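Below: the structure, in structure tokens.
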Amino acid sequence: MNNSSLNLISNIISLIVLASGILGFMFKGWISEWIKSRFSKAVSKELDSYKHELNKELESYKTSLIRDLEQHKANVDIQRSVALKMADSRLDVLRKLHVAFNELTVKALLCPSASLNDKAARMTNALEAFGLLKSVHADAQIFLPLDMNKQLADTNIKLGEMMNTAAVVLDRNDPAILALSNESSLLTLRLRELIYQPPPELIALGNGGGGQRQTQS
């Protein structure tokens, strides 16, 4: 084999080695890109799956929050309705109590100063007012403070004793009549203040307390 043939073979081998190197480099780059692409697709798919699950959980949580909010609003509406009905009942019985107590006070205090001829009629009117007050007081007790219930009961007893003066005639300015009149007036003022005072149920509801009844003092 001559030199020219050897050189040709050498050149061919060199070209093959060079081409193999180039192809190997290109193949290595293609493999690297293929791996990156597959990994990127896998990561993207995993992220999409995670986002989907997360969105489902968020939607479920949002639905739960909305349901809880609606339930809370419904409970508040019910509590408000109950509180308003109780406030209306409270106002009604306190007004009736105020009127009945004033009527009894006037009629009972007229009895001791009435003439003997007028006493029977005055006492009959006072007894009717006393019976009405007793009935109204029974309905209003739950809305009155304990000390006020006692004060009202004590004053009613005194008014009952004052109107039961069939055998005597007292002067209208008698100290006992004036003292009882003053005591009744103070109690009437307390009743009036109680009428205009917001009921505990609405105060508690306005403060976010669920409309629970406060303990009476």
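Just so it is clear, none of the values below were taken in a lab; they were calculated from the coordinates. All of these numbers come straight from a predicted model, not from anything done at the bench. Counting neighbours? That spans all protein chains shown, and the Cβs are built from the backbone with ideal geometry, glycine included.
Going down the table (Lys41/Lys62; Lys85/Lys150; Lys96/Lys158; Lys85/Lys107; Lys62/Lys85; Lys96/Lys150), which pairs top 28 Å between alpha carbons? Result: Lys41/Lys62; Lys85/Lys107; Lys62/Lys85 exceed 28 Å. Between Glu70 and Ile195, residue separation times 0.36 nm minus the direct Cα-Cα distance comes to 41.6 nm. With the alpha-carbon atoms of segment 87-206 aligned to their principal axes, the span from lowest to highest coordinate is 56, 25, 18 Å, starting with the largest. In sequence order, segment 147-161 has phi-based couplings of 5, 6, 4, 5, 4, 5, 5, 5, 5, 4, 4, 5, 5, x, 5 Hz under the Karplus curve 6.51 cos²θ - 1.76 cosθ + 1.60, θ = phi - 60°, and Gly or Pro positions carry x. Residues of segment 159-176 with amide nitrogen under 20 Å from the 7 Å Cα-to-Cβ point of Lys134? Only 159-166 pass the distance filter. Between the beta carbons of Ile157 and Leu178, assuming R0 = 22 Å, the FRET efficiency works out to 0.75 to the nearest 0.05.
In this calculation the C-beta distance from Leu146 to Ile78 is compared with R0 = 35 Å, giving a FRET efficiency of 0.75.
Mean sequence separation of contacting Cα pairs (under 8 Å, at least six apart), scaled by the length of segment 87-206, corresponds to a relative contact order of 40 percent.
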